[in-house]
Amino acid sequence: RVVGKKIAASKLRFWRDAGLGFKTPREAIEGTYVDKKCPFTGNVSIRGHVFRAVVRSNKMKRTIIVRRDYLQLHPQVQPL
């Protein structure tokens, strides 16, 4: 940073690359929202498994309900 130049407040926005192949959204880079639970602008890291699912509901604020289809095998039931 050069001493003596003033930087506009809009240029001081904090954002980061979340990793795992996720692109940082343009809204996170240029937006004005503040969310401490956002992996791009807040203090949350993406951990665990990344999986595919179908979004069933997004009625709550910053929360979604997903549906995952998977096979659950029971050892008592033997396939023929």
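Throughout, read-outs are computed from the coordinates displayed, never taken from laboratory work. Predicted, not measured: the structure shown is a model, and the values here were computed from it. Cβ atoms come from the backbone with ideal geometry, glycine included; neighbour counts cover every protein chain shown.
Once phi is turned into θ = phi - 60°, what whole-Hz ³J(HN,Hα) does the Karplus curve with 6.51, -1.76 and 1.60 give for every residue of region 34-42, x standing for Gly and Pro?
For region 34-42, the Karplus curve yields 10, 9, 6, 9, 8, x, 9, 10, x Hz.
Which order, highest average first, do 48-60, 17-29, 65-77 follow once you tally other Cβ atoms within 10 Å for each residue and take the mean per peptide?
Working: 48-60: 8.5, 17-29: 11.8, 65-77: 6.8.
Going by the mean number of other Cβ atoms within 10 Å, highest first, we get 17-29, 48-60, 65-77.
Whole-Å semi-axes of region 14-54's equivalent ellipsoid, largest first, each the root of 5 times a Cα gyration tensor eigenvalue?
Taking √(5λ) for each eigenvalue gives 19, 11, 10 Å, largest first.
With Kirkwood's inverse mean 1/r over C-alpha pairs for Rh, give me the Rg to Rh ratio of region 36-77, two decimals please. Walk me through the intermediate numbers first.
Working: Rg = 15.3 Å, Rh = 13.3 Å.
Radius of gyration relative to Kirkwood radius: 1.15.
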